[in-house]
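Working notes for the structure below.
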Amino acid sequence: MQRHPAHRTARGAFGNGGRRQSDRASRIGCTGRASRMGRTGRMGRMGRGFSLIEVLIVIVLFSFGLLGLVGLQARALQVSVNAEDSQRAALLANEAASAMWGNNSITLDSGALAAWQTRVANSAANGLPGGVGTVVVTGNVARITVSWRPPGLAATAQSHRYITEVLIPS
């Protein structure tokens, strides 16, 4: 069946995307687009070089972004560990204060105090790294101090400290 030019296909007249070709172009088989193989002049080589430079710049920028994310992840982990240690110090101080309230006395007997101090110092059993627990009684107020030194902290830096005071009315 022969088609008339008025019968258009989905691609347009004569299957060339809606563009009419000149007689000469249709005779030699051109579609109106430049052939990639036919042109390798100066602009073609420069275009390839610029693309390579652009790709290298993108790789460098992407690498810096990844390094930033790794640093951010390390800092987030450090903050999380510090927060966990602070929480644990508060719980250990609360444990000593609860023992005082349970005895209805501002002082702890030497066995309970030694057991609590051992627990504070033992980081393997929910204690703190380099943990030290002290209880100082002044009048009717007990000052409970839990201090610790995180593993990555410099030797000259001040250790972390949690302090609470307990007052038990007589």
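Laid out as a table, the results:
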| read-out | value |
| --- | --- |
| Neighbour net charge for Ala99 - beta-carbon separation under 12 angstrom, K R +1, D E -1 | -1 |
| Footprinting exposure proxy for Trp101, Trp116 (fewest neighbouring C-beta atoms within 10 Å first) | Trp101, Trp116 |
| Prolate/oblate/rounded call for segment 116-164, Cα gyration tensor, a/c under 1.5 rounded | oblate |
| Built amide H within the under 5 Å cut-off of Ser105, gap 5+ | none |
| Prolate/oblate/rounded label for segment 42-167 (Cα gyration tensor, a/c 1.5) | prolate |
| FRET efficiency, Ile163 to Val60 (Cβ-Cβ, R0 41 Å, nearest 0.05) | 0.25 |
| Karplus-derived HN-Hα couplings along segment 140-148 (A = 6.51, B = -1.76, C = 1.60, θ = phi - 60°), whole Hz, x at Gly and Pro | 10, 10, 9, 9, 9, 10, 10, 10, 8 |
| Zone of Val137's modelled label, taken as backbone nitrogen in segment 99-130 under 14 Å from a point 7 Å along Cα→Cβ | 99-114 |
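Read-outs throughout are calculated quantities, based only on the coordinates presented, and are distinct from any laboratory measurement. Treat the numbers as computed from the prediction; the structure is a model and nothing was measured. Positions of Cβ are generated from backbone atoms using ideal geometry, with glycine treated the same way; all protein chains shown enter the neighbour counts.
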